[in-house]
Amino acid sequence: MHVAQINCKQNPSFKNGFYNTTRELDSSVMLSRALIDTFGCTIPWLIMANNDVERKEKTRRYLLNYVIIWLTPFVTLPLSNRFAMKHIGKLTQKFWSNNHKAMHISNEFLKDTNSMMSELTRMSKDVKKNPIESVYYKLNSKRKYSSKLDIDELLKSCNGDKEKLRQKLIRAKNAVFISDCIFTFGAGATVLFANNEITKKKTGQSGFSAEMSMADKEIVEKRSANYEKSKQKRYLAAMGLTIFTALGMSLASFAPLYSKSPGKLIQKLRNNARLFDYNKGIYMSRLPFFLGNTAFIGVNLLAARNKTEQKDLVIRQSVGDAVFFGGDLLLASLFTNLSDKIFDTKLVKNDGNSSIWRKIFPKVKPIKQVIEEVEKGQISKSNKRIAAGIFWTNMLILMGAMGYLIPTFINKMIKHDVDKDVQTQNRVEMSFNKPPKMEDFIGGKI
């Protein structure tokens, strides 16, 4: 193969593909989280498992979670959007109506009817053909495909009442949000409990799988006795926590859009309702995913078979969430700030905040914005290359830290906890098997 064939400069499609991929990952918290989960958690954590039983258990959990979180939204969310538009909002007559794409409108524009109509008008000019839908319509020749969002048809379903349309869209979006949260985090909770039972059935013993190579069966099972007695109640509590979290987030994000109260809290929540938007109507945004994961720490505590596994699950998730939902932003901000000072790039977003914290960790321009500014000739091409370089450097650092440091620390912690219980058990057995002393005979004790 000639060098020219693999050189980015002479292969625009490869170059554009790299920047397009980087832009998509940067704009979608779920997709970038999937990348970190795969190469920073799943693969290295499987390699560093303590035994084959733990490795198989983790493989099942990671594969099922991967399907639930990353793959099913491609199918479930478009269908949920259509169902909600037809049966909850009652805004479409047919399930396959293209008007389901009105669900993609940001919560930011549902604060009032003027904003809503302006955004729907913009969306009606920007709707692109979906390849999956195109196949459906080709297979159903009696149906004609239209990529146009029909605003008149939406208004007709509300008798021309724009306020009614606004409220119906809010209701439909809220229904999808609640159902998706309950499905995503509820299914995740079910996977944890079901996986414990699968391990028990396959190995013939209960207990934390990571400990099964460190101590006798009796000790491992004794350490999980409390879990075995209460696992059904724990599962019900986990599902209750999931439902409570979904309803709480729904209340915070959608109730303010209904409210006509001029209160400061309601206004603040209404102005930030966009933080609960879905990316392209499919993936959760950063805030609801973070809040759901935070609540999921409680689910981990309930599903853990002993205190050591509680620490294992909580550390993995809380550290992972802290790194991903805050650490990634801080690290990218630090690198970007240094780049602007050293290489004179224009990657920092000026938000008018002059605090010391903001000077160290300024807001960073999204890569999508950087690419647009380069194409418009507002900044040099080097900005795009450096922005992409910072993004991937950041990702590699996070994946390396999560993939090696966390499991190394946890494995040592597990070994310490098990050894402590083994030593305690040995001391108890020695006290029962202690040989009699001569004074016991003389004193008449024996």
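Cα convex hull, the range 280-368: 137 Å³ per residue, rounded to a whole number. Between residue 148 and residue 350, the contour length at 0.36 nm per residue exceeds the alpha carbon distance by 69.0 nm. Between the Cα long axis of helix 328-342 and the first principal axis of the chain there is an angle of about 60°, rounded to the nearest 10.
Taking the alpha carbon gyration tensor of the chain, multiplying each eigenvalue by 5 and rooting it gives semi-axes of 49, 30, 22 Å, largest first.
Dipole check for the range 195-262: with +1 at the C-beta of Lys and Arg, -1 at the C-beta of Asp and Glu, and the Cα centre as origin, the magnitude is about 200 Debye. Counting only heavy atoms of the protein chains and using a 1.4 Å probe, residue 341 has close to 150 Å² of accessible surface. In the chain, taking the dipole from charged Cβ atoms about the Cα centre, the farthest positive-side position among 120, 246, 390 is held by 120. Only protein heavy atoms count here; under a 1.4 Å probe, residue 335 has an accessible surface of about 60 Å².
Computed over all pairs of different Cα atoms, the Kirkwood value for the hydrodynamic radius of the range 159-233 is 15.9 Å. Placing +1 on the Cβ of every Lys and Arg and -1 on the Cβ of every Asp and Glu, with no other charges, gives the chain a dipole of roughly 1400 debye about its Cα centre. When all protein chains stay in place and ligands, DNA and RNA are ignored, the 1.4 Å accessible-area order of 416, 100, 87, largest first, is 416, 87, 100. Based on the Cβ-Cβ distance from residue 94 to residue 66, what FRET efficiency comes out when R0 is 35 Å, to the nearest 0.05? Approximately 0.55, to the nearest 0.05. Dipole check for the range 19-110: with +1 at the C-beta of Lys and Arg, -1 at the C-beta of Asp and Glu, and the Cα centre as origin, the magnitude is about 480 Debye. Comparing Cα centroids, the range 268-303 and the range 377-411 end up 23 angstrom apart.
Looking at the range 136-293, the pairs of alpha carbons with a distance over 22 Å make up 63% of the total. Projecting the Cα atoms of 185, 235, 416 onto the dipole axis of the chain, where Lys and Arg carry +1 and Asp and Glu carry -1 at the beta carbon, places 185 farthest toward the positive end. Only one residue of 28, 91, 330 has its Cα farthest out toward the positive end of the dipole of the chain, where Lys and Arg carry +1 and Asp and Glu -1 on Cβ, and that residue is 91.
Remark: the range 252-388 carries 52 Å² of accessible area per residue (probe radius 1.4 Å; ligands, DNA and RNA excluded).
The values are calculated or read from the model by the stated rules, or taken from the named source; none is laboratory data. Predicted, not measured: the structure shown is a model, and the values here were computed from it. Neighbour counts run over all protein chains shown; Cβ positions are idealised from the backbone, glycine included. Ligands, DNA and RNA are stripped out before the accessible areas are found, and what is left, the full protein with its side chains, is counted by its heavy atoms. Shrake-Rupley method; radii C 1.70, N 1.55, O 1.52, S 1.80 Å.
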